[in-house]
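One structure is given here, and the rest of the page talks about it.
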Ligand SMILES: [Ca+2]
Ligand SMILES: [Ca+2]
């Protein structure tokens, strides 16, 4: 092979590899389909950023006794505002675009319970067998978190946290098992065949307008994918760090760039490095040293099942990569993330 031909091949390989990197960095790998940050502070709508599920306050688009109350930034968890529900208030959307049927999903929010009563923070779907996806609290056997699927209660073993404190709540479904998680740490699960309906979102109550909630809600989000344990823990960690004040959209940027296998991500002007080990062995943990931001989204030995970058898996692509990077460079490129450890 002559020199010109090798140069041409190198150019072609560079184009292929560059396009792989660019594609990987722009896809939203973790599928944040709805994010309602509740930052409006006034008005009749709590808007959905990435999706079309804007939520209406109360029973109509005008002022109602059922409208939840906008809160100040100081009384909110993230951003400029949150909403207060006083036992007869709700957010609603009649029809919505949400993960239905048996599809995988993650539903999360921050809640600050004022009064412990049998109630639902809310969710979506219809009140028929297996058609609902809603989370709340119950005193069935002591105060515990409960998931309602329409005609079936999954009364978890997770004790309700104290009132008048912000806590993070997550419901995940992988197509066969429901996982409920408090503060990204305490998880309980049960096998359940869901067939979730698509008849709207209700927050502050159950779908049938009973079991209304007393407390604050903030930063509601739905992903059309099953977030990992580390990602759910990371939502809590980044939200609880007052220096960051990251909401679900900020966290989703971190997850997306992690899952597409880049070395680092720029989120809100901060450069984040990913690690698969270290940080006390805690998936989802973060560490900040001056201007160095590190987050552990790996689960240890990279057995998380996360798909790696389009690997040069075919012989042809391997050969092209080797031409550009050299075989040593190629090995280094492939192993660049799993070997990175926090200083
Ligand atoms: Ca209203
Ligand atoms: Ca907010």
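Structure summary
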read-out: Per-residue Cβ neighbour rank within 10 angstrom, fewest leading, 259, 86; value: 86, 259
read-out: Fewest-first ranking of 65, 158, 201, using other Cβ atoms within 10 Å as the exposure measure; value: 65, 158, 201
read-out: Sequence of 77, 144, 192 once ranked by neighbouring C-beta atoms within 10 Å, starting from the fewest; value: 192, 144, 77
read-out: Rounded, prolate or oblate (a/c below 1.5 giving rounded, otherwise prolate when a/b exceeds b/c) for the range 88-213 by Cα gyration tensor; value: oblate
read-out: Relative contact order, percent, the range 32-226 [alpha-carbon distance under 8 Å, six or more residues apart]; value: 29
read-out: Using a Förster distance of 30 Å, the FRET efficiency for residue 290-residue 263 (Cβ separation, nearest 0.05); value: 0.95
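Just so you know, all these numbers are worked out from the coordinates, no wet-lab data involved. In this text the structure is predicted, and so the values were computed from the model without any measurement. Using ideal geometry, Cβ is built from the backbone for each residue, glycine included, and neighbour counts are taken over all protein chains shown.
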